[in-house]
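**Student:** One structure coming up, written as structure tokens, with questions to follow.
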Amino acid sequence: MFILHPRLAADTLLLGDFPLCHCLLMNDMHYPWLILVPRVEAIREIFELDTAQQQQLLKESSWVSERLSRHFNATKINIGALGNMVPQLHLHHIARYENDAAWPAPVWGKHPAEPYSIDNLQRMNERLHEAFADAGDIHFKWADR
């Protein structure tokens, strides 16, 4: 049975689900930052997924990356699957800008997370709904709030 790692649950907000992955919003106003977590039990590495799951993960990751890049006018999309602190397989997708709080360094450890205020979270949700509106050939189901 799939269970989201407690650290991911504490640091993020569930946006919804793709066919394979939970899509989470990192609770940090510094960056548009989404995390994909395959809903597969006891997986730590991409190679542990079967071929169809690997292909679906790439499809979902590419779709999220393209939406972040286009709708947030990002200079660069950083994608990472470190897993040093949270062993459960998860992929970070972070929209980066030349003027962001950590540029050009990686975001990890640069600044403490700044949780979303209620107003800023509402605005981010609106922007993400716009970004995800044209689903194309991928299915995304928003979480009930």
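**Student:** Quick test for you: out of 131, 113, 143, pick the one residue that is surrounded by 12 or more Cβ atoms within 10 Å (Cβ to Cβ), out of contact with any Asp or Glu (no Cβ under 8 Å at 6 or more places or on another chain) and touching a residue at least 60 places away in the same chain (Cβ under 8 Å).
**Tutor:** On the way: 113 fails: out of contact with any Asp or Glu (no Cβ under 8 Å at 6 or more places or on another chain); 143 fails: out of contact with any Asp or Glu (no Cβ under 8 Å at 6 or more places or on another chain).
Going through 131, 113, 143 in turn, the sole match is 131.
**Student:** Name the single residue, out of those in segment 104-145 being of a type in the set (Lys, Arg) and modelled with pLDDT of 90 or more, that is farthest from residue 20 (Cα to Cα).
**Tutor:** My answer is 123.
**Student:** Consider residue 60 carefully, then state whether it is among the charged types (D, E, K, R), in a loop (DSSP other than H, G, I, E, B) and either out of contact with any Gly (no Cβ under 7 Å at 6 or more places or on another chain) or modelled with pLDDT under 95 (or both). Full working, then the answer.
**Tutor:** Details: among the charged types (D, E, K, R): yes; in a loop (DSSP other than H, G, I, E, B): no; either out of contact with any Gly (no Cβ under 7 Å at 6 or more places or on another chain) or modelled with pLDDT under 95 (or both): yes.
So residue 60 fails the test.
**Student:** Within segment 99-107, does at least one residue satisfy the condition of being in contact with a His (Cβ under 6 Å, 6 or more places away or on another chain), surrounded by 12 or more Cβ atoms within 10 Å (Cβ to Cβ) and not β-branched (Val, Ile, Thr)? Please lay out each step first, then the result.
**Tutor:** Filtering segment 99-107 down to residues in contact with a His (Cβ under 6 Å, 6 or more places away or on another chain) leaves 101.
With surrounded by 12 or more Cβ atoms within 10 Å (Cβ to Cβ) added as a condition, the list becomes 101.
When the remaining residues are screened for being not β-branched (Val, Ile, Thr), the result is 101.
Checked against the condition, which is being in contact with a His (Cβ under 6 Å, 6 or more places away or on another chain), surrounded by 12 or more Cβ atoms within 10 Å (Cβ to Cβ) and not β-branched (Val, Ile, Thr), segment 99-107 yields at least one hit.
Residue-wise test of (1) under 10 Å from the mean Cα position of the chain (by Cα); (2) aliphatic (A, V, I, L, M).
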| residue | (1), (2) |
| --- | --- |
| 28 | no, no |
| 32 | yes, no |
| 37 | yes, yes |
| 46 | no, yes |
| 66 | no, no |
| 71 | no, no |
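**Student:** Return the residue satisfying two criteria in turn: it lies in segment 82-98 and is surrounded by 15 or more Cβ atoms within 10 Å (Cβ to Cβ) and among the aliphatic types (A, V, I, L, M), and of such residues it is farthest from residue 64 (Cα to Cα).
**Tutor:** Taking the candidates together, the pick is 86.
**Student:** Tally the residues that are without any contact (Cβ under 8 Å) to a residue 60 or more places away in the chain, under 18 Å from residue 132 (Cβ atoms) and out of contact with any helix residue (DSSP H, G or I) (no Cβ under 8 Å at 6 or more places or on another chain), restricting the search to segment 59-96.
**Tutor:** Adding up the residues that qualify gives 7.
**Student:** What pairs come out if I take residues in segment 1-19 that are under 18 Å from residue 138 (Cα atoms) and pair them with residues that are polar (S, T, N, Q) whose C-beta lies under 7 Å away, six or more apart or interchain?
**Tutor:** These pairs meet every condition: 19/56.
**Student:** Which one of these does residue 52 not meet: (1) at pLDDT 95 or above; (2) over 18 Å from residue 135 (Cα atoms); (3) not in a helix (DSSP H, G or I)?
**Tutor:** Failed condition: (3).
The values are calculated or read from the model by the stated rules, or taken from the named source; none is laboratory data. Just so it is clear, the model here is predicted, and its values are computed rather than measured. Heads up, the Cβs are rebuilt from the backbone with ideal geometry, glycines too, and the neighbour counts pull from every protein chain shown.
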